[in-house]
Amino acid sequence: MATIKDIAERAHVSPATVSRVLNYDKNLSVNESTRQRIFRIAEELHYKKTKKRINNKAKSIAVIFWSDNSQEIKDLYYYSIRKGIEDEAATLGYHVNLFYNSNPLDKLDENIGIIVIGFNQYKESYLKQIYSLTKPIVFIDADTLSENYPCIVSDFHTSVREVINHFLQHGQKDIGMLAGDLNDDFDKNNLIDFRFQDYKKYMSELGLFDFDKVLVGKFTPESGYAVLKKYLTTDKPLPQGLVIANDAMAIGALKALREAKIDVPHDISIISFNDTTTAEFANPSLSSVHVDTHEMGRLGMNMLNNIINDSFKDVYKITLKTKLILRESSQN
């Protein structure tokens, strides 16, 4: 099992620096390049944090994931949300209990509040189990305001249009999408990926939507690779631009294109979402929509604390702004 010392040796920094970076120490003065390098090496070495001893007297809240632990490590988007929750929870005096998709919910009632990451990824019966406990609940990365639950989201509606407009500004009207869904028997018209719904709506408004240019993976590098590999065996031409639902799938797609000797961005431009640490160090580096996932987690914990303490009784939503970061994978 990899240690902080192993990461420090490869990153050419002290173990103390690695520890503070991985724990999102806001008082640490370190440049962004070093920070990104530490996260990348931690991913490569499959580093896992050692659980600290718990103060049994601490108030406990539950954090529910639709994924398992291995998928969280592969996609730092969710890891960073969790870190934001845990950091703010520690500040507010809470202990966090994690519930992955393989964990039973029988001990969920022992917590005084619940944070759920995602929404459409869960079966209705699973959500009903959570609702039945009548605990304060906050959703992160899902717009549940119409369901009468408070939530934290990022402004993907605007960013999807921004990505498509960027392609159009460079003369790329043939724009496809590699969307995400967790099911093998997905309905291509109603994917769980809300980015796809925005893409379909805007491309249809422009008169440019082509169902044949919609590919579907499972949010992992392996699926991104397999889906692009399969598409390249068909006679269908590549789109000029490809919107990819997350960086993890984009990494796999880049590998498939590289093996086929397809030049990115000259033969096809790629823009993905989340701007995790892997985006900058991909080959070529990925243009990606930046999402402040750590802040999403922190705000979600604050929102839950407000509900628990009756500081704010109304149901409300917080939307964080996103930013398109342009790198080598797109024509800029």
With all protein chains modelled, accessible area of Ser272 [1.4 Å, Å²]: 0 Å²
0 to 90° range, to nearest 10: angle between helix 293-308 axis and the chain longest Cα axis: 40 degrees
Most fluctuating residue given options Arg35, Arg298, Arg82, as computed from a GNM of the chain linking Cα atoms under 10 Å: Arg35
Projected label distance in nm at Asp184 and Asp235, using a 7 Å step from Cα toward the beta-carbon: 3.0 nm
Amide H contacts under 5 Å for Lys59, placed H, 5+ residues apart: His95
Heavy atoms of Lys128: accessible area, 1.4 Å probe, square angstrom to 10: 120 Å²
For the chain, calculated [θ]222 nm from helices alone, where every DSSP H run of n ≥ 4 adds -39500 (n - 2.57): -12000 deg cm²/dmol
Carbon and sulfur %, accessible surface of the chain computed with the full protein complex present, 1.4 Å: 48 percent
Probe 1.4 Å - accessible area at Tyr316, Å² to nearest ten: 50 Å²
Residue with peak Gaussian network fluctuation, the chain [Cα springs, cutoff 10 Å], from Asp247, Asp185, Asp267: Asp185
Reach of Lys255 by Cα under 16 Å, taken over aspartates and glutamates that are not fewer than 8 positions away in the same chain: Glu222, Asp247, Asp263, Asp267, Glu280, Glu328
Highest-MSF residue in the chain out of Leu299, Leu145, Leu28 [GNM, Cα springs under 10 Å]: Leu28
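For the chain, what is the accessible area per residue in Å², given a 1.4 Å probe and the full set of protein chains?
48 Å²
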His12 paired with Glu147, simple spin-label distance in nm, labels 7 Å along Cα-to-beta-carbon: 4.8 nm
Of all DSSP beta bridges in the chain, antiparallel share, percent nearest 5: 10 percent
5 angstrom amide H check on Leu178, placed H, neighbours 5+ away: Leu215, Val243, Ile244, Ala245
Filter on Lys236/Lys321; Lys48/Lys218; Lys218/Lys261; Lys83/Lys321; Lys83/Lys261; Lys236/Lys261 - keep pairs with C-alpha separation over 27 Å: Lys236/Lys321; Lys83/Lys261
Per-peptide average of other Cβ atoms within 10 Å, ordering 13-22, 287-296 highest first: 287-296, 13-22
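The values are calculated or read from the model by the stated rules, or taken from the named source; none is laboratory data. Being a predicted model, the structure only gives us computed values, none of them experimental. A quick note on method: Cβ atoms are made from the backbone with ideal geometry, for glycine too, and the neighbour counts reach across all protein chains shown. Accessible surface areas use protein heavy atoms only, side chains included; no ligands, DNA or RNA. Shrake-Rupley method; radii C 1.70, N 1.55, O 1.52, S 1.80 Å.
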